[in-house]
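Student: Just dropping this structure here.
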Amino acid sequence: MRRTSLDKLIHASLVVLVCLPVLAMRNAAAASPEKKQPAAVARLDNDGMLIAAGRRTFVFGCYWNPATSQGLEQLHRAGFNLVSSKADRRALDDIARAGLLAWVPLGEQIASSSGAEEKALETTVAPLLDHPALVTWEVPDEALWNEWYLRQEPLEAERAKLREVLREREKTDADVSRVRALMAEEALLRARADFATAEARDREIRKLLGAPEQNPSIQFSAAAQSAEQHRQRLLRGYRAMRRLDGRPVWMNFAPRNTLDDMNRYAEAADIVGCDIYPVPVTPTQGHSDLVNRQLSCVGDYTERFRAAGGKRAVWMVLQGFGWRDLNKPPADAPKDTGRRPTRAESRFMLYDAIVHRARGVLYWGCNYAQEPPDFWKELCSVVREAANLGEVWAARDAAEQPTVSCAPTWGSLDRPPVALAKRHDGKTYVLVVNEHLDGLAVRLSGLGVSDGAKISLVGDPGGSALAADQVAQSSLTVHMPAQGIAIIAVEQAK
C-alpha cells in the first residue's frame, strides 16, 4: 500500500521520537562505559537467592528444553521453573507462555579478546535485554576443566599414530628397543604428572622415528597457561556483560580442579557450581574424584563451591540420566552398570544440595532418559515435591540454626547429619539430611522449641519419624533411616 506525504511525515517523526532516546542511551554508555544500566528484571539478593519478577526464587532448572508448548508446560507442572533457551526472542516467548523462566548459554562468545568480539557479543544479547523471561546468562560449560580434559583425546590419537609407525618399523626388522624404552618412560612420566619431561621424551621418540613434532597447543604442560588466557577472555566478556545488563552470569564447573583455580575463574561469574553424577556408586564410578564417592559427595561439592565462589550463589547440576544412556555398556556387564538413579537417590541428592545451601538445582541429561518413562516420571515427582515448598527454600536462612547431635550408635559418625532451618509464614522449617549409610536418631537443639509447639513432618517422610516425646529438654529428636530426609515444621505455641 502506498503512503501519502502526510503518512511519510508522521512515520519519520515517529522514528525520530523512538530513536532519539535509544541513541542518547548508547552515546551515554559510550562516554561512560562503567555507567550502570537500569535494573534488570532479575538479580541476586545479598544471600545469593535469585530475584525474578520481584520474587525470591529457588531455582529448579532443566537443561533439556523440549521446544514444544506441551513439553514446556509439562516441565512447569512438574515444578521446574527455569529452562535453557537459545538466544532467540521467539524461544523466550514460548518459555514465558509456559510460565517458565530462561537462561541463555552464550558459550565461547562471552570469551572476548577484542573490541570487535565484544561488539558481536552485544549484537547477540541486545535484542533480548528487555525480555521478562530471561533471568541469567551462562559462560562455556566446564570451561576450566576442558582446558585440561580436551587435550586427552588428540594426545592419545597422536600416541596411537606413533605406535603404528613403530609397528611398521618392526616389520622391517629395525632395532626399536630404544624407542620402546622411551615410550615406557614417557608413559610413566605422564602417570606421575611430570608433563614437561614426558613431552621431552616424546620429542626424542619422534626424532628417532622421523615423525612430525607433537602439536604444542594440545600439550598438558601448556594447559595452565592456556587456562589463564581463557580466564582473561572470560573476565573481559563478563565485564562487557556487566556494562550491557544487570542479570547474573552463571558458570558451571566440572567436579574437578583446585579451589584456587576455581576461585580465579569464578571472578567471571555471579553464580557458580558444578555438575555431579555419582550414580551408580561403585569403586569404578569416577565422576567424583573426592575421597567421598557416595551420594553425599553432592553435599561435599556444594560446600566446595561455596568456598571457591566466596559470596557467590551456588547452583548444583544433578543427574537426570544414567551413564548407560550415554555409553552403551558391554553385553556381559552387570545389569545395573550405568543405571539411572532411583527415586530415593534422586530425592537424596536434591535435598543434600539444598541442605548445604545451594540456591538452585538444575538437571542435565533428561533428554537422554525419556524412554522408558519410569525414571522421568519419578524425577518429576521428586522435583514437584520440593517445588511445593519452593517458598520455604527461597526464604532466608533462619538466624538461629540448630545444633545437630546423635543418640549413641555403633557407627563411626565421622560427621553429623546436616540441618538447615528456614523461617516462612510464621513457622520454622528444618531440613535434616542423614548422609550416613546407617540409621540414626538425630537430635536438634537451639531452635527455642517451647512446650505446646506444634511439630510435624512435612511432605514424604521417607521412613523418618519424630520421637514419641517430640520435645525433650528443648530438643527435637527425629529417627532417620540411612540417607534419610526429614522436613520438620515447627509452629511455636501462641
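Residue-by-condition table, conditions (1) within 41 Å of the chain's Cα centre (by Cα); (2) surrounded by 17 or more Cβ atoms within 10 Å (Cβ to Cβ):
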| site | (1), (2) |
| --- | --- |
| ALA187 | yes, no |
| ILE205 | no, yes |
| GLU213 | yes, no |
| ILE218 | yes, yes |
| ALA224 | yes, no |
| GLN229 | yes, no |
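Student: Would you please name the residue that is nearest to the chain's Cα centre (by Cα), looking only at residues in segment 391-417 that are under 24 Å from ASP45 (Cα atoms) and among the aliphatic types (A, V, I, L, M)?
Tutor: ALA394
Student: When segment 432-458 is examined, which residues are found to be assigned to a strand (DSSP E or B) and surrounded by fewer than 22 Cβ atoms within 10 Å (Cβ to Cβ)? Give the derivation first.
Tutor: Within segment 432-458, the first condition is being assigned to a strand (DSSP E or B), and the residues that meet it are 432-433, 440-445, 454-457.
Across segment 432-458, the qualifying residues are ALA441, ARG443, SER445, LYS454, ILE455, SER456, LEU457.
Student: So which residues in segment 275-312 are in contact (Cβ under 8 Å) with a residue 40 or more places away in the chain and in a loop (DSSP other than H, G, I, E, B), if there are any at all?
Tutor: Result: ILE276, TYR277, PRO278, VAL279, PRO280, GLN294, LEU295, SER296, GLY309, GLY310, LYS311, ARG312.
Student: Does segment 338-347 contain any residue that is under 25 Å from LEU100 (Cα atoms), among the basic types (Lys, Arg) and within 18 Å of the chain's Cα centre (by Cα)? Reasoning before the result, please.
Tutor: Of the residues in segment 338-347, the ones under 25 Å from LEU100 (Cα atoms) are 343, 346-347.
Okay, now just the ones that are also among the basic types (Lys, Arg), so 343, 347.
Adding the requirement that they be within 18 Å of the chain's Cα centre (by Cα) leaves 347.
Looking through segment 338-347, at least one residue is under 25 Å from LEU100 (Cα atoms), among the basic types (Lys, Arg) and within 18 Å of the chain's Cα centre (by Cα).
Student: Just need a number here: residues in segment 235-287 that are of a type in the set (Val, Ile, Thr) and within 26 Å of THR123 (Cα to Cα).
Tutor: Just the residues of segment 235-287 that are of a type in the set (Val, Ile, Thr), to begin with: 249, 258, 271-272, 276, 279, 281-282, 284.
Imposing the further condition that a residue be within 26 Å of THR123 (Cα to Cα) reduces the set to 249, 271-272.
Result for segment 235-287: 3.
Student: Could you tell me how many of the residues in segment 407-427 are in contact (Cβ under 8 Å) with a residue 60 or more places away in the chain and loosely packed, with under 12 Cβ neighbours inside 10 Å?
Tutor: As a first pass, look at segment 407-427 and keep what is in contact (Cβ under 8 Å) with a residue 60 or more places away in the chain: 407, 417-420, 426-427.
Then drop every residue that is not loosely packed, with under 12 Cβ neighbours inside 10 Å, which leaves 407, 426.
Summing the residues that are in contact (Cβ under 8 Å) with a residue 60 or more places away in the chain and loosely packed, with under 12 Cβ neighbours inside 10 Å in segment 407-427 gives 2.
Student: Now a separate question. Would you mind stating whether ALA193 is part of a helix (DSSP H, G or I) and either surrounded by fewer than 17 Cβ atoms within 10 Å (Cβ to Cβ) or within 35 Å of the chain's Cα centre (by Cα) (or both)?
Tutor: Details: part of a helix (DSSP H, G or I): no; either surrounded by fewer than 17 Cβ atoms within 10 Å (Cβ to Cβ) or within 35 Å of the chain's Cα centre (by Cα) (or both): yes.
It is false that ALA193 is part of a helix (DSSP H, G or I) and either surrounded by fewer than 17 Cβ atoms within 10 Å (Cβ to Cβ) or within 35 Å of the chain's Cα centre (by Cα) (or both).
Student: Continuing with the same structure: If the requirement is being of a type outside the set (Lys, Arg) and modelled with pLDDT under 95, which of these qualifies: GLN319, GLN285? First the steps, then the outcome.
Tutor: On the way: GLN319 fails: modelled with pLDDT under 95.
Every option except GLN285 fails the conditions.
Student: For GLY299, work out the one condition from (1) surrounded by fewer than 20 Cβ atoms within 10 Å (Cβ to Cβ); (2) touching a helix residue (DSSP H, G or I) at 6+ places or on another chain (Cβ under 6 Å); (3) under 17 Å from HIS356 (Cα atoms) it doesn't fulfil.
Tutor: Only one criterion in (1) surrounded by fewer than 20 Cβ atoms within 10 Å (Cβ to Cβ); (2) touching a helix residue (DSSP H, G or I) at 6+ places or on another chain (Cβ under 6 Å); (3) under 17 Å from HIS356 (Cα atoms) is unmet by GLY299, namely (1).
Student: Of all strands (runs of 3 or more DSSP E) completely enclosed by segment 344-430, which ones contain at least 3 residues that are of a type outside the set (Asp, Glu) and more than 19 Å from SER456 (Cβ to Cβ)?
Tutor: Numbers: elements: 360-364, 403-406, 418-424.
Of the strands (runs of 3 or more DSSP E) lying wholly inside segment 344-430, those with at least 3 residues that are of a type outside the set (Asp, Glu) and more than 19 Å from SER456 (Cβ to Cβ) span 360-364, 403-406.
Student: Please identify the pairs in which a residue from segment 366-382 that is closer than 15 Å to THR342 by Cβ has its Cβ atom under 9 Å from the Cβ atom of a residue that is aromatic (Phe, Trp, Tyr), counting only partners at least 6 apart or on another chain.
Tutor: Close Cβ pairs (under 9 Å, with a partner that is aromatic (Phe, Trp, Tyr)) amount to ALA369/PHE321; ALA369/PHE375; ALA369/TRP376; PHE375/PHE321; LEU379/TYR363; CYS380/PHE80.
The values are calculated or read from the model by the stated rules, or taken from the named source; none is laboratory data. It should be emphasised that the depicted structure is a prediction, and the values quoted were computed from it without experimental measurement. When we count neighbours, we look across all protein chains shown, and the Cβ atoms used for this are built from the backbone with ideal geometry, even at glycine.
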